[in-house]
Amino acid sequence: MATAQSDHIRAAIQQRNRRSRSSRIVDWVRTKPEGGIAVLFLAVQLVVIAVSLANPSFRYLDAANIAVTLKAIAPLGVMALGVSILMIAGEFDLSVGALYSFCSIVAATLTMTWGGDSGADVPSAIAPFAGLAVGLLIGALAGVLHAVITLRFNIPSFITTLGAMLMWKGATLLYHGAQSLRFKPSEPFNTLFNSSIGVVHASMIWFLLLAVAFYFLLHHHRLGNHFFAVGGNRNAAVAIGVNPVRTKIIAFGICGFMAAFSGILAGTRVMSIQPGGGLGLELQAIAACVIGGAALNGGRGSILGVVLGTALMYTIQDLLLLLRAPGFYFDMFVGGLIVISVITNMAIRRKG
Amino acid sequence: MSDLQIIEPEEKPIKGLRPTETPLLEMRNITKRYGAFVALNSMNFYIGRNEVVGLLGDNGAGKSTLVKMMSGINPPTSGEILANGKPVNFNSRADSEAAGIETIYQDIALVDQMSITRNIFLGREITNAFGFMDHKAMEDKAIDILGSAVQISGIEDPDKEVGFLSGGQKQAVAIARAVYFKRNILLLDEPTSALSVRETEHLLAYVRDLKNQGTSSVLVTHNLYHAFQVCDRFVVMSHGAKVYEARKEDTSIEEVTYHVIRT
Ligand SMILES: Nc1ncnc2c1ncn2[C@@H]1O[C@H](COP(=O)(O)OP(=O)(O)OP(=O)(O)O)[C@@H](O)[C@H]1O
Ligand SMILES: [Mg+2]
């Protein structure tokens, strides 16, 4: 089928491929959801690095400072990966913060019960892994439950999961109470999730591995294609033959799973769990996705965007700490960043 | 109350023609209700081998409802669907795909946020055994597909997001997709609403040719001249029921026009 039209398209593609690298980068920034954030992220890093090179008392590039940041990113990043998949599929889960607490407390309690505390006489090596597995399973099943209720009764997931958020928050207090819970799992679990290679904390490595896996899932797997389709135009997806119910159930399940993993990662690192520790994280995770170019109404977003969005939020937090600014500045900056990044993304796209 | 007058519809539902051989697809006694509203009322419809059926009628007559039902995305409230004489359930797109049916929907059915290539292959991605997509193979195919049915100028990049295309370009993508994957039956629900005169002629000629290659079509249109150019049989609907049916050789454009506008 070598028609004139096909030849014309091939010629046009060849011509585009011959253009200079710089104009192709401009195209990338314009058309990709993460284009704006990538530029912003690089600009911030360049400025801050230049300042800290010129001014050694600004300790941004100190190994200790870098290590602190790399320790902190993973929990929010892991949660945001799951949230982004669900947002792209056109739904929300506001209960991920509550699930983060509930699942990590269940995992930690079971680890203790099964003799996996590192302080035990003969600590069990597998108990923490069993606790982790149960925690992750609860997270995934909770996500599926939210999906089934949302889809069965055809109500906005915002409402379902607003209810679920309060439910899981209450369930945490019912199961454990309000006091903090010690979590010092035995080896090798502890090394696997709470050691460092140089300045890089284990949790960061888990985050990056998951980000790569999610990148392939979302951008190169058939299922990822279906997430974009049901989130972008549900009716069209149905008409063409994508099952939106199945697709969304999977997205909810992934999101709950990641919330649980995020909570357990955080608990392992700080070696104790606060029952209220996850509150507000759901909004930070949504913020990271939006800063990274995800559309609030579905169909658009990218994994690189989520990673950069999370990293930018922690860069700002780190800078404010280095400047000894009070904590409330962080909220103010992130608030501004959300609005600015959406405005920039829209402006770039309209030009494109 | 006694002076309440029952106004009979001017035209009564009719049984219409009967297929002479086993049709590719047959809808028998189909009723579709949306709550109390009856969108299709005891509708009978069939698509035979090597024919183009014109499905005509006023706005809201139920044409798209019937087309969506034959595409599997709008199951009937009651009635029977037979593919090649065998009763089938049409509960999802997968069911109609199995029967070899492709549809160009009236509302285009493309995902604006996705590229042309991804739209063309949505639900039929070319993947390896693990489900990972072969982007290169899909793009190569997409370029062939875009050149096959209608030739719309300005489509130069299969990687472009569909949301940036013009109305006609979008329609061309939807047409190209259906035309490429069609097997037994092609359903065209007002496929030329956004096309130029030249591309409309192309598409109509293409539908006529398809018949000889063994693909039957249903053409939904408000343009009776187009219908007369390509269709072998006409079905006129009104208020969810069939009110007129005739083969081309047994009728005239005036007669069909009369039945479309009088209802
Ligand atoms: N989901 C729905 N819920 C309620 N009513 C519906 C629904 N879908 C269609 N209808 C109604 O069914 C009737 C038939 O609609 P349909 O789209 O089949 O008309 P049509 O013949 O294709 O008209 P047109 O030529 O304007 O495209 C209309 O009155 C419409 O309002
Ligand atoms: Mg219609």
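Which residues, counting only those in region A:152-197, are β-branched (Val, Ile, Thr) and within 22 Å of A:ILE138 (Cα to Cα)? Of everything in region A:152-197, those that are β-branched (Val, Ile, Thr) and within 22 Å of A:ILE138 (Cα to Cα) turn out to be A:ILE159, A:THR160, A:THR161, A:THR172. Scan region B:164-180 for residues that are surrounded by fewer than 17 Cβ atoms within 10 Å (Cβ to Cβ) and either within 16 Å of ligand 1 (Cβ to nearest atom) or part of a helix (DSSP H, G or I) (or both) and jot them down. Answer for region B:164-180, where residues must be surrounded by fewer than 17 Cβ atoms within 10 Å (Cβ to Cβ) and either within 16 Å of ligand 1 (Cβ to nearest atom) or part of a helix (DSSP H, G or I) (or both): B:PHE164, B:GLY167. Whenever a residue of region B:204-225 is within 14 Å of chain A (Cβ to nearest Cβ), its partners that are more than 16 Å from ligand 1 (Cβ to nearest atom), lying with C-beta atoms within less than 8 angstrom and at least six residues away or across chains, give the pairs B:TYR206/B:ALA149; B:TYR206/B:VAL150; B:TYR206/B:VAL179.
B:LEU187 satisfies every condition listed in (1) within 23 Å of B:GLU51 (Cα to Cα); (2) within 16 Å of ligand 2 (Cβ to nearest atom); (3) assigned to a helix (DSSP H, G or I) except (3). Of the helices (runs of 4 or more DSSP H) entirely within region B:51-160, those holding at least 2 residues that are within 16 Å of ligand 1 (Cβ to nearest atom) occupy B:63-70. I want to confirm something. Restricting to region B:24-47 and keeping residues that are under 21 Å from B:ASP95 (Cβ atoms) and of a type in the set (A, V, I, L, M), which single residue is farthest from ligand 2 (Cβ to nearest atom)? If we take residues in region B:24-47 being under 21 Å from B:ASP95 (Cβ atoms) and of a type in the set (A, V, I, L, M), then B:LEU24 is farthest from ligand 2 (Cβ to nearest atom). Within region B:46-68, residues that are within 14 Å of chain A (Cβ to nearest Cβ) and closer than 17 Å to B:VAL243 by Cα reach partners that are of a type in the set (S, T, N, Q) and near ligand 2 (Cβ under 8 Å from one of its atoms) with beta carbons closer than 7 Å, at six or more positions or on different chains, in the pairs B:SER64/B:GLN106. Applying the criterion of being part of a helix (DSSP H, G or I) and touching a residue at least 40 places away in the same chain (Cβ under 8 Å) to the residues of region B:190-203, the residue that is nearest to ligand 1 (Cβ to nearest atom) is B:LEU203.
Taking A:ILE240, is it surrounded by 20 or more Cβ atoms within 10 Å (Cβ to Cβ), within 11 Å of chain B (Cβ to nearest Cβ) and under 28 Å from B:GLU102 (Cα atoms)? Considered against the rule, which asks whether it is surrounded by 20 or more Cβ atoms within 10 Å (Cβ to Cβ), within 11 Å of chain B (Cβ to nearest Cβ) and under 28 Å from B:GLU102 (Cα atoms), A:ILE240 comes out as yes. In region A:260-280 there is no residue matching the filter, namely being buried (at least 19 other Cβ atoms within 10 Å of the Cβ) and closer than 30 Å to B:MET138 by Cα. Residues in region B:23-44 that are within 16 Å of ligand 1 (Cβ to nearest atom) and surrounded by fewer than 23 Cβ atoms within 10 Å (Cβ to Cβ): 12 in all. For region B:81-130, residues that are surrounded by fewer than 17 Cβ atoms within 10 Å (Cβ to Cβ), touching a residue at least 12 places away in the same chain (Cβ under 8 Å) and over 19 Å from the mean Cα position of the chain (by Cα) total 3. Residues in region A:215-228: is at least one free of Cβ contacts under 8 Å to residues at least 24 places away in the same chain, away from chain B (no Cβ under 14 Å) and either crowded, with 17+ Cβ neighbours inside 10 Å or part of a helix (DSSP H, G or I) (or both)? Within region A:215-228 (the criterion being free of Cβ contacts under 8 Å to residues at least 24 places away in the same chain, away from chain B (no Cβ under 14 Å) and either crowded, with 17+ Cβ neighbours inside 10 Å or part of a helix (DSSP H, G or I) (or both)), the answer is no, since none of the residues qualifies. Counting the residues of region A:1-30 that are under 40 Å from the mean Cα position of the chain (by Cα), at the interface with chain B (Cβ under 9 Å from one of its Cβ atoms) and not in a helix (DSSP H, G or I) gives 0.
Among the criteria (1) within 16 Å of ligand 1 (Cβ to nearest atom); (2) crowded, with 17+ Cβ neighbours inside 10 Å; (3) more than 24 Å from B:ASN44 (Cβ to Cβ); (4) among the polar types (S, T, N, Q), the one B:GLN229 does not fulfil is (1).
Among the numbered conditions (1) touching a helix residue (DSSP H, G or I) at 6+ places or on another chain (Cβ under 6 Å); (2) assigned to a helix (DSSP H, G or I); (3) of a type in the set (A, V, I, L, M), the only one that A:VAL242 does not meet is (2).
Reported count of residues in region B:48-80, each being within 16 Å of ligand 2 (Cβ to nearest atom) and crowded, with 18+ Cβ neighbours inside 10 Å, is 18.
How many of the residues in region B:140-156 are more than 7 Å from chain A (Cβ to nearest Cβ) and surrounded by fewer than 20 Cβ atoms within 10 Å (Cβ to Cβ)? Residues meeting the conditions: 4. Evaluation of B:HIS259 against the conditions (1) away from every other protein chain (no Cβ under 14 Å); (2) under 15 Å from the mean Cα position of the chain (by Cα); (3) within 16 Å of ligand 1 (Cβ to nearest atom) shows that the sole unmet condition is (2). Of all positions in region B:208-221, at least one carries a residue that is within 16 Å of ligand 2 (Cβ to nearest atom) and part of a loop (DSSP other than H, G, I, E, B). In summary, B:PHE90 fulfils each of the numbered conditions (1) away from every other protein chain (no Cβ under 11 Å); (2) over 20 Å from A:ARG246 (Cα atoms) with the single exception of condition (2).
State whether the residues of region A:57-65 include one that is buried (at least 16 other Cβ atoms within 10 Å of the Cβ), in contact (Cβ under 8 Å) with a residue 12 or more places away in the chain and out of contact with any Ser or Thr (no Cβ under 7 Å at 6 or more places or on another chain). Yes, the conditions are met somewhere in region A:57-65.
Bear in mind these aren't lab numbers, they're just calculated from the coordinates by the rules spelled out. As the structure is a computational prediction, the values presented were derived from the model and not from experiment. Here Cβ is always computed from backbone atoms with ideal geometry, including for glycine, and neighbour counts include all displayed protein chains.
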